[in-house]
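Enquirer: This is the structure, below, for whatever I ask next.
Only the coordinates and a few stated rules stand behind these numbers; no lab work does. The structure presented is a predicted model; accordingly, all values stated were derived computationally and were not measured. When we count neighbours, we look across all protein chains shown, and the Cβ atoms used for this are built from the backbone with ideal geometry, even at glycine.
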Amino acid sequence: MDELDALRQMRTALAEEEHPDRIALRTNWRAGTRERPRRGFRVQLGGFRIPLVSMVATAAVVTSAVAVVTLRSDPEPAPQNGNVLLVAATNAQKAPIGKYWHVKKRSGEIKAVGKKASTHYRVDSRQGGEIWAERNGKAIQAHREFADVPVTAEDKRRWQAAGSPEKPRIPDPDDANDYVMLDMTPRGSQTPPAWYPSDDRYFGLTAAQIAKLPTEPRALEEALLNLEGVWRAVATSNKPEPLRALHGQDRVRALSDVTVTLLSTAPAPPAVRAAVFRMLAAQPGVKAEGKVTDPIGRTGTAVSLPLETTMPLGLYTAPKQLATYRRQMIIDPDAGTLLAIRHLVDKPPRGRKKLPSGDLGQTRWLKAENMPDRFHRPGELASYEVYEVTEWTNAEPQR
């Protein structure tokens, strides 16, 4: 039994009571310890640093905003996943609980514009949302739209060389004869946010049920394995099945979906969130990859899941994709929070796949040449979701 296995099998009470510095000493992990430089990814979306002054379709974005994505060597060490996640669990446990669960998030999909790899440019298609949920489950939420922006300075140069179109067209993956338009026009800031009631469930769980989830990691996993849904990446039917029917990578992928929700939008109390981190630490193949910067510039630790076919959030269902991806969680161990999720291209789109017939019986094909990431290279960002705020608070909702 190695040290990590021993750490995972220690009693939950010890992990809850032990200070992060004690864990760091016992496992020989310290943030900032130097070692041989590792190859890694840093994402810096500079255009995201503008202040948020409004909600739906009202983010004030200057036309020159550019989201800068860079790939470079990362000199920071990659601590083992169990250490980082258990430190995060210890600190999540300490977080106070309040009257409201407040979430502010934004997401983006990186889409290629152009017909040739040599001249195409990438655009970050962005949107966001905000949630205020009471502990009884009553909630309100708002949707936010942002202008689409070039990803890097080179993408901006190519966009300008193409005439700086405000609404460039990209192929429609579902219909080779159609197209969709991106919106790169600056958005005004006068329209008030459109708030509306929300009665969302979280994989079928109510806020009350989430509050009563087990706080011991193995018991929590057992409870989550009873959740029913359409979990498989490529499903042959829409018939729900318990999560425990999945095995291997399929189970880790499905559990990671639930994990992300419990650490972000779901109003989970601190003890449950701590148990989620501990449960994730025990999953096979979960790997910490070192320090990275999330899409809005915050430093965290990347934790990768052993999945090559994970779908980007908000992109397409598995039957509608021709590439494979890697999912990374970016966490802040010191705060015990999930900062972001990002999906990196593993294998770019290739070939084609027959789709079900259209409404009029027409034959349809999914073709790599029509995919939004058709020119992406391995390791490049395909999509992301950033959690700007995830906290319990007694402050009243700011509408």
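Enquirer: Quick one: if the Förster radius is 30 Å, what FRET efficiency do residue 364 and residue 201 give, using the C-beta to C-beta distance and rounding to 0.05? Kindly include the intermediate steps, with their values, before the conclusion.
Expert: Working: r = 33 Å, r/R0 = 1.09.
The formula returns an efficiency of 0.40 here.
Enquirer: Moving on to the next point. Using amide H atoms built 1.01 Å from N in the peptide plane, name the residues 5+ places from residue 337, or on other chains, whose amide H lies under 5 Å from its own.
Expert: Here the answer is 332, since their amide H atoms fall under 5 Å of that of residue 337.
Enquirer: Where Rh denotes the Kirkwood radius from the mean inverse Cα pair distance, what is Rg over Rh for region 175-288?
Expert: Ratio of gyration radius to Kirkwood radius for region 175-288: 1.10.
Enquirer: I'd like to compare 156-163, 374-381: which one has the highest average count of other Cβ atoms within 10 Å, and what's the full order after that?
Expert: Numbers: 156-163: 15.0, 374-381: 18.0.
Ranked by mean Cβ neighbours within 10 Å, highest first: 374-381, 156-163.
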